[in-house]
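The structure appears right after this line, and notes come after that.
The values are calculated or read from the model by the stated rules, or taken from the named source; none is laboratory data. Here the structure is a predicted model, which is why all the values come from computation and not from measurement. FYI the Cβ positions are ideal-geometry reconstructions off the backbone, even for glycines, and counts take in every protein chain you see. In case anyone asks, the SASA skips ligands and DNA or RNA and just uses the protein heavy atoms, side chains included. Shrake-Rupley method; radii C 1.70, N 1.55, O 1.52, S 1.80 Å.
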Amino acid sequence: MWMIYTIGFIVSLALALGLTPLVKKFAFKVGAVDVPNARKVHTKIMPRLGGLAIFLSFVITFFLVLPFLPESFSVREVNFIKAFLVGGTMTILLGAFDDRFDLPAKLKFLVQIATASVVVFGFDIRLEFANIPFHTYASVESWIAIPFTILWIVGVTNAINLIDGLDGLAAGVSAIAIGTIAVMAFLMGNVVVALLCLLLLGSIIGFLYFNFHPAKIFMGDSGALFLGFSLALLSLLGFKQVAIVSFLTPLILIGVPLSDTLFAIVRRWMQKKPIFSPDKGHLHHCLRELGFSHRQTVLIIYGIAAFFGVLAVIQSSAAMYNANWVTFVVICVMVFFLQIGAEVIGLIGKTKRPLLDFFARLRMKAGTERGSK
């Protein structure tokens, strides 16, 4: 299997390097381009459809290594592979049409629900066990598991779109999250998830060669939706197969887009603006306003994503041994640094800094007491 892992990763990377320029030409030919406007960073017309190169590299490599895979996969693992391929194809087609025709949001949402329903009802992929910190794990009833799984797939599918604002940002954050899942899959002995992660990781890295600043092609909704869908399913299978692993782990994995979304909701609510109204207060916008260059901003967010990845590995490893106190510590550390970071960067607002103001008052009080002595 190690040989298959290595060869699969290299082949998928090489295919992405070869296919991306062809997809770029195809995007221009069919008119799947991104025109700059006031909210966008780029200043010239850019080809989209980059997700198609990632998808094709992944699928072609998978079928190339398929004859060399062991025949000992369980029925559930086979169903998962089929669900991944069918759902991924539906998602990439939706994204490709959106890259070309800018589909209405309601239509995209309905197709995503249909895709998630195919995965759940057609291939019986759903959350089966849950482990709440400081509790023993238990099976989840179908009436809870089915809607929760559909909601999870649709939600994470759209999560990557939220941070797709700078060259290489969404693809790099996705690569870090998928690489983290691969590490945990190896630790758990989950062969299927590890293989799919490595093939997908090679495809993303090959595409990143053309997508990192200055980008020659955008991955578009085809890439953002497909990578979001992939993260949703890989995390779902990876953590339902080992029942003692808490569902907190996949939430940590998408910590960057998830926290950016939550802070955006709070920010707009405090400013009395519609929750879904676009603005330039996202993480990458705030970092650019602080004076960081395009590349520096992307690399900083890569670092934040890697931090979340390390927390996810620690939390999942601890959960395997029922060390629930580690889960509590991870949650506290994550929430603390999220709040501090949001206040420093200005994600909530330029003047809303309750935690930093609290520490400032403590320093002033300590300084006053030392002065009086």
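Worth a mention:
- Residue pairs meeting the criteria (Cβ under 8 Å; at least 6 apart or on separate chains; first under 22 Å from Ala305 (Cβ atoms) and part of a helix (DSSP H, G or I), in the range 268-294; second modelled with pLDDT of 75 or more and of a type in the set (D, E, K, R)): Leu283/Asp260; His294/Asp167; His294/Arg288
- Boolean, Ala145 is open to solvent by less than 40 Å² (accessible area, probe 1.4 Å), under 23 Å from Lys106 (Cβ atoms) and at pLDDT below 85: no
- Of all residues making up the range 56-74, the number that are small (Gly, Ala, Ser) and either farther than 21 Å from Met90 by Cβ or without any contact (Cβ under 8 Å) to a residue 24 or more places away in the chain (or both): 2
- Single condition Lys108 does not satisfy, out of (1) of a type outside the set (Gly, Ala, Ser); (2) in contact with an Asp or Glu (Cβ under 7 Å, 6 or more places away or on another chain); (3) over 18 Å from Trp152 (Cα atoms): (3)
- Qualifying residue in the range 12-34 (condition: surrounded by fewer than 13 Cβ atoms within 10 Å (Cβ to Cβ), closer than 24 Å to Ala194 by Cβ and not small (Gly, Ala, Ser)): no
- Within the range 173-197, residues that are over 17 Å from Val156 (Cβ atoms) and surrounded by fewer than 24 Cβ atoms within 10 Å (Cβ to Cβ) have Cβ atoms under 8 Å from residues that are modelled with pLDDT under 90 and among the hydroxyl-bearing types (Ser, Thr, Tyr) in these pairs: Leu187/Ser316; Leu187/Ser317, counting only partners at least 6 apart in sequence or on another chain.
- Of all the residues in the range 199-216, those that are more than 12 Å from Phe55 (Cα to Cα) and crowded, with 24+ Cβ neighbours inside 10 Å number 1.
- Residues within the range 245-290 that are open to solvent by less than 80 Å² (accessible area, probe 1.4 Å), of a type in the set (S, T, N, Q) and either farther than 22 Å from Trp152 by Cβ or at pLDDT 75 or above (or both), tallied: 2
- Selection of the range 67-86 for residues being within 26 Å of the chain's Cα centre (by Cα), within 21 Å of Ala16 (Cβ to Cβ) and not β-branched (Val, Ile, Thr) yields Phe84, Leu85.
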